[in-house]
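This report concerns only the one structure given below.
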């Protein structure tokens, strides 16, 4: 027996002091009220029977005193919180990882898998031993402990109320590392995973997770495997016709049966396309929708069974995307006349192009709020206070220094990943003459001749504005005759105006999102798909948050509000078939054991109950004059 | 109104103090006594109390019997007619006519004055009433106050006009001391050679036994009559809880825890005690009247005493 409360010495001292007081009270003769009677022999007749039982009366008084001392002993013992030594030393420390990933929203078990998982954990909490302690953590893209290690059943049950399912995948490795960190140093440690088993490999960038001496248990939740989900969804505008767009999506049947589904594509809430499909078991079906139009902002894909019912996991039956926002770019072209350039600029109807001669440049530059200026074989003395494309720059006004003439330079080195050069094939462009550009520090050489020694295409920033410089006259080359020419021009303008053809149409839930906001903003506000707004921190010009729900978000930073979409798009989460076994490395999780519902090992509770019972008996016997 | 004590364990000494009640014989009581006298006169009409016949032959006017002449007899009582006819000397005997000695023995022990002294007040009224009846009928009335001895004595007196002497005597009477009827009656018997009616007015709370005092009267040829003054509140004491009870006369202490059950048992024991007294008197042909203080005094005298055969 070990006292987890007050130490034994203090208990003995308390019992001795209070017990002595009780004894003194019993030893002291009870002072009775005095009353006169006219004829005491009549009272003696009544008391005659009692006198015959004087010894019994003394015994009753002794019993009463012993009862009081027993009461005191019970209360003092309760103060000591006595526990069986073996249970205290061998108390378990349990970390329960509740899977709150998207697959736990499956409704194959009523009401859903997460609710069943919470009920399972509730049973475990109620069956904790007196010396056991438990920590409950929510496992999704992050690991969220819901409280400290505790043996308080009611507290643990309250913590469970705060768990909610997310549209994310579970980061099993992160959760296991958290659990092993918590359990480090405890002798009897146990990790209980309550999940459908769709957790993937327990390894991350640091390698596989080692459980150490902690034992692993697994409670399986879920029953069915039938599910069809949208596992890929992407949309982009055409670079040369931004009023049209194309959509790529992928459907996956993770179940064992054929599934007939109906796929709806909604643009700005209106139906754009409707397709009925049949997916074979385990089939991944990519679908490509080219040349779509009719939506300017939002796209949504909805999946439903042909018979009108929903499958077990509705979370992956919808996907959302946002088309890049279109706006007209104002472009000033300073040229003596260039048909090739004019033709290229005509390809984008969202461009407002103004042509001026070099003489009219000074007047024109100050009149409009230009998004870009194209200098065709013209180089002003000063840099314009906007983005600029220099075609064959000359003189001191060029953003880069121009040196020596190059004979038949070719693009020997190309920075293909730069947005300006996307979709461009410049390797075989023939150039008669060109000039070597000398970039400054921070400038990016996008193309260079002489095996990279002579830059002929440079990009960078000057005075906070972007520039691109091409070191040859395009009319001295065959570039205008190629598809690459208009793409180059439009890519440059898109780059200047931050319109990216590779615009990311949606984010993935579970990732840490870093969304660019104005540099002066320190805090932003995001409105989630469920309508709840939450503040998010801004770090180095980016709002940082972890997305847990799929749908459309609104991010407000300062005066600017931007919208973005987020999707689950995870085939592993769509595969909802519960796993019978859970493996971590070579360790197979066992069944949960050692939890016996209804057994509380806090002895002090029972001591108080017995004390209350004795007190009730004492009260009853006293008032019935049995012990007086 | 009951007095609230700061120290409840202290004995209330005043509980045993004799009561002095100057209003004991007020006008109303006087009128009742006058009325009682009339009733008594009607009851006693023809029953010559002051001229009572006795078993002794004497100088009365009522012829009683004849007997043989004995030398020394008064010649005046010889019946000469009989001598002439039968030649026998017979002496005529006449009944002796005497008055009656009535002794009113009033218990003045402390128990009579217990509480609000209802019993003592009631006993004094009864005593006065009986004395008035006796005086009005030319009997010799004497009043004796006793506790464990004879405390005081009003000498034998006659005539209704002496009733105020009775009142004065009773007014000065006070309760005190313990009850010992045997010793008190022995003293009384020794002091009163003339036998007569001995009316014992008491609550009969005698620790040594009420029978012994009555027996002393019986054995000494007195005609005892018991007026048992009963206060019903004695059977229902207003006590509760852990108490140290003490006898107001003897001071004997007893620790007792009074509960409703105990009070029930006490009432039962008290009733048994009263029944025991009544049974004793019936067995020994001692006239017995239980005079409850809750019964109106005039009703007690006019109805209960008459029904009990004491007054006719």
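So what's segment A:262-333 giving for Rg/Rh, alpha carbon basis, Kirkwood Rh from the mean inverse pair distance?
That ratio equals 1.12.
Angle check, please: helix A:603-623 long axis (alpha carbons) against the longest principal axis of chain A (alpha carbons), in degrees 0 to 90, nearest 10.
40 degrees
Using every alpha carbon pair in segment A:507-567, what percent of pairs falls into each 10 Å bin from 0 up to the bin containing the largest distance?
P(r) over segment A:507-567, rounded to whole percents: 26, 60, 14.
Using the Kirkwood radius over Cα pairs, work out the Stokes-Einstein diffusion coefficient for segment A:116-185 at 4 °C and 1.567 mPa s, in µm²/s as a whole number.
In µm²/s, the coefficient is 102.
Considering every Cα-Cα pair within segment B:205-302, what fraction, in whole percent, is farther apart than 16 Å?
For segment B:205-302, the fraction of Cα-Cα distances above 16 Å is 67 percent.
What ranking of A:615, A:477, A:154 emerges when the number of other C-beta atoms within 10 Å of each C-beta is taken as an exposure proxy, fewest first?
Fewest to most other Cβ atoms nearby, the residues stand as A:154, A:615, A:477.
Report Rg/Rh for segment B:99-247, rounded to two decimals, where Rg is the Cα radius of gyration and Rh the Kirkwood radius.
1.00
By how many degrees, between 0 and 90 and to the nearest 10, does the Cα long axis of helix A:113-126 differ from the longest principal axis of chain A?
Tilt relative to chain A: about 30 degrees.
Rounded to two decimals, what is the ratio between the C-alpha radius of gyration of segment A:180-316 and 2.2 N^0.38 Å?
So the Cα radius of gyration is 1.49 times the expected 2.2 N^0.38 Å.
Using Cβ contacts closer than 10 Å as the measure, can you line up A:12, A:521, B:141 from fewest to most?
The order, fewest Cβ neighbours first, is A:12, A:521, B:141.
Can you give the Rg and Dmax of segment A:311-401 based on its C-alpha atoms, in angstrom?
Rg, Dmax (Cα atoms, Å): 19.6, 70.
On the principal axes of its Cα set, how long, how wide and how thick is segment A:329-496? Give whole Å, largest value first.
Taking the Cα atoms of segment A:329-496, the three principal extents are 43, 31, 27 Å.
Determine the shielding of peptide B:262-273 by partner chains: average, over its residues, the number of Cβ atoms on other chains within 10 angstrom of each Cβ.
Across B:262-273, the average partner-chain Cβ count within 10 Å equals 3.
Where does each of A:529-538, A:409-418, B:208-217 land if you order them by average Cβ count within 10 Å, highest first?
The packing order, highest mean first, is B:208-217, A:409-418, A:529-538.
Hey, any idea what the orientation-averaged projected area of the convex hull of chain A's Cα atoms comes to, in nm²?
47.3 nm²
Any idea what diffusion coefficient segment A:84-212 gets from Stokes-Einstein, in µm²/s, Kirkwood Rh on alpha carbon pairs, 4 °C, 1.567 mPa s?
Once the numbers are plugged in, D ends up at 87 µm²/s.
Calculate the tail of P(r) for segment A:424-566: the fraction of all Cα-Cα distances greater than 23 Å, expressed in %.
53 percent
Of B:120, B:167, B:63, how do they rank once you tally other Cβ atoms within 10 Å and put the fewest first?
The order, fewest Cβ neighbours first, is B:63, B:167, B:120.
None of the figures in this text is laboratory data; all of them are computed from the coordinates on show. None of these values were measured; they are calculated from a predicted model. With ideal geometry, Cβ positions are generated from the backbone for all residues, glycine too; neighbour counts draw on all protein chains shown.
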